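Here is the structure we will look at.
The values are calculated or read from the model by the stated rules, or taken from the named source; none is laboratory data. These figures come from a predicted structure and were not determined experimentally. Every residue, glycine as well, gets a Cβ built from its backbone with ideal geometry; the counts of neighbours run over all protein chains shown. These area figures cover heavy atoms from the full protein model, side chains too; ligands, DNA and RNA do not enter into them. Shrake-Rupley method; radii C 1.70, N 1.55, O 1.52, S 1.80 Å.
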Amino acid sequence: MKRTRLESETGNTHGRRGPSLPADALVIFGATGDLAHKMIFPALYAMARHGDLNVPVIGVAIEKWSLAQLRKRAQDSIRQAGKIADKEALDRLLSQLRYVDGDYNAPATFTALRQALGDARRPAHYLAIPPHLFATVIQGLGTTGLADQARVIVEKPFGSNLASARELNAIAQSVFPEDSIFRIDHYLGKEAIMNILYFRFANSFLEPIWNRNHVASVQITLAEDFGVKGRGAFYESAGCLRDVIQNHLFQIVALLAMDPPAYQGYGAVHSEKAKVFQAMRPLQPDDVVRGQYAGYRDEAGVAKDSDVETFCALRLFIDSWRWAGVPWYLRSGKCLAATAAEVVVALKPPPQKLFDDSVAGTNYLRFRISPNAAVALAARVKRAGKEFVGDQRELYLLEEQPGEDPPYQRLLSDAMAGNGALFTREDAVEAAWAAVDPVLETHHRAHPYQPGSWGPKQADALIAADGSWHNPAPTRKEKNENHATTA
Ligand code: BG6
């Protein structure tokens, strides 16, 4: 049988299994919030356009709103995200919307939700709410019978350290079977990131060099040229390490570092990824450089003496047979010089320096994640002439990938269908927290840096033994496009 989609299956179900049929309603807790406005309504509209959303959509919030207000908010959100090309799909989505107002601690809210669900028996409950409310809502669903045959989709961050992640997992699993819990990391729904898995295991040339014998180091940068954008209060409780490194960047590490899955099924992928997190050497304070952009303390909701990091660079080791001794450098920050994400896997130099211009770090594989997906392989080639002198060139295997479905569209459709392939499993989440846990509270102070820079200079010292940071550079195509628009 030919298979183009890895099948869904999750590991530890504690003997219980969730529904096998797709969800027959979508409940959005936090429907009036920021995330719903920025990401969720546009994703629902896209799902409606593709015919993937033919069930009631029930917004729940504590805003004392009316259904008309929620509809208006949904419409505004979809308009802001882009042109409304399919008015019929929009109208259909708006007519599917229902609204329940109430406190998540009050049983009456869940009773009202039960009524709003009508005949639906297999709802998918999506928690787009502040993390401290996850447990309250999950327990509320459990005690009111709304978890039976249901699924729960939990936003990130899943926990704020190892202990709280374990606690949340225990609460979630006391109410839902593991195969009905969908922990979202929207990076897993990005084409460029799915392509890392595909590229690694659909090709045979990579595997012989994909290890400590040939790889000198790996760098991953997720840079943003904007600040916390009004999310100061959230950021104060998170910081860069919790906000994007322990989840988004670690997921990329896992896909790059994992061993080949033993069989064609997502259970195998989940297991291999979990092993990578388990092999991560727990971070120590000297492995981490924290930074804070000048002006952060003036943001709304931020303490005047805040030490929360808006930039974080770290050196990580994966103590496995494949990766022993290879440093992984991860870096992310707000208010940096560019908005881009990319991975550079640097290969070791040739064993002998036969040419004067051969330098370390010449061969690498670059996966550009955003703003455009690209995969490039760098190598040196000789210039014409008598001298043995050459240039480094990038061979593009992929230069752009238009037409990508937004990650939330993909992930919500998958969760409603019961496909857990692009979600994170309990053991992986906990192992990822275990790797960062020692430095969450014990760390060096954040160094100030100027907005528009590449972060504090101390980050350069962190990597110095293995070279320097590779700042994300536009692809050939992006350069040409920039040139065309500025000419
Ligand atoms: C979110 C973080 O999870 O990811 C944000 O909370 C960050 O702070 C965002 O900006 C980055 O996602 P993307 O898809 O824009 O790269």
* Asked: So what is the 222 nm mean residue ellipticity for the chain from helices alone, if each DSSP H run of at least 4 adds -39500 (n - 2.57) and you divide by all residues, rounding to the nearest 500 deg cm²/dmol?
  -> -9500 deg cm²/dmol
* To do: Would you please give the residues with an amide H less than 5 Å from that of HIS447, counting only those at least 5 places away or on a separate chain, with H modeled from the backbone geometry?
  => ARG290, GLY291, GLN292
* Asked: If the limit is 28 Å between Cα atoms, which of LYS348/LYS382; LYS87/LYS156; LYS275/LYS334; LYS382/LYS457; LYS304/LYS334 go over it?
  -> LYS87/LYS156; LYS275/LYS334; LYS382/LYS457
* **Cα-based equivalent ellipsoid, the stretch 220-351: semi-axes from gyration tensor eigenvalues, Å** => 31, 17, 14
* Structure fact -> Within the chain, cysteines having no neighbouring cysteine beta carbon under 4.7 Å are CYS335
* **Extension gain, THR136 back to ASN203 (0.36 nm per residue minus Cα-Cα distance, nm)** => 19.5 nm
* To do: Apply the Karplus parameterisation 6.51 cos²θ - 1.76 cosθ + 1.60, with θ equal to phi minus 60°, to every residue of the stretch 182-195 and state each ³J(HN,Hα) to the nearest whole Hz, in sequence, with x for glycine and proline.
  => 10, 8, 7, 9, 5, 4, 5, x, 8, 3, 4, 7, 4, 5
* Asked: If you line up the long axis of helix 87-96 against the longest principal axis of the chain, both from Cα atoms, how many degrees apart are they, to the nearest 10?
  -> 50 degrees
* Sort ARG281, ARG290, ARG122 by accessible area with a 1.4 Å probe, largest first. => ARG281, ARG122, ARG290
* To do: Tally up the carbon and sulfur contribution to the accessible surface of the chain as a whole percent, 1.4 Å probe, everything protein left in place.
  => 53 percent
* From the residues GLY239, ASN54, GLN251, which one has its Cα farthest along the dipole of the chain in the positive direction, the dipole being from +1 and -1 charges on Cβ of Lys/Arg and Asp/Glu about the Cα centre? -> ASN54
* Long-range HN-HN contacts of SER160 with modeled amide H, under 5 Å -> ALA165
* Asked: What number comes out for the charge environment of ALA112, summing +1 per Lys or Arg and -1 per Asp or Glu over other residues with Cβ under 12 Å away?
  -> 0
* Structure fact -> Gyration tensor (Cα only) of the chain to equivalent ellipsoid, semi-axes in Å sorted down, yields 40, 24, 24
* Structure fact -> Helix 162-175 sits off the longest principal axis of the Cα atoms of the chain, rounded to the nearest 10 on a 0 to 90 degree scale, by 40 degrees
* Structure fact -> Long-range amide H partners of GLY390, meaning residues 5 or more apart or on another chain whose placed amide H is closer than 5 Å, are ARG383
* **Residues of the chain: accessible area per residue with a 1.4 Å probe, Å²** => 45 Å²
* Accessible area of LYS156, 1.4 Å probe, to the nearest 10 Å²? -> 40 Å²
* Exposure of TYR293 as accessible area (Å², to 10), given a probe of 1.4 Å and all protein chains -> 10 Å²
* Asked: Across the stretch 329-344, in residue order, what do the Karplus-derived ³J(HN,Hα) couplings come to in whole Hz, using 6.51 cos²θ - 1.76 cosθ + 1.60 with θ = phi - 60° and x for Gly and Pro?
  -> 10, 10, 8, 8, x, 9, 6, 9, 6, 7, 10, 6, 10, 7, 10, 10
* **Alpha carbon centroid spacing (whole Å) that separates the stretch 372-427 from the stretch 160-223** => 15 Å
* Structure fact -> Per the rule of 0.36 nm per residue minus the C-alpha distance, extending ALA461 to ASP405 adds in nm 16.2 nm
* **For the stretch 224-234, Karplus couplings with θ = phi - 60° (6.51, -1.76, 1.60), whole Hz, Gly/Pro x** => 10, 8, 10, x, 7, 6, x, 9, x, 5, 4
* Hey, what angle do you get for helix 134-143 against the long axis of the chain, alpha-carbon based, 0 to 90 degrees rounded to 10? -> 40 degrees
* LYS348 accessible area, nearest 10 Å², 1.4 Å probe? -> 90 Å²
* Asked: Sorted by mean Cβ packing within 10 Å, highest first, what order do the peptides 457-464, 40-47 take?
  -> 40-47, 457-464
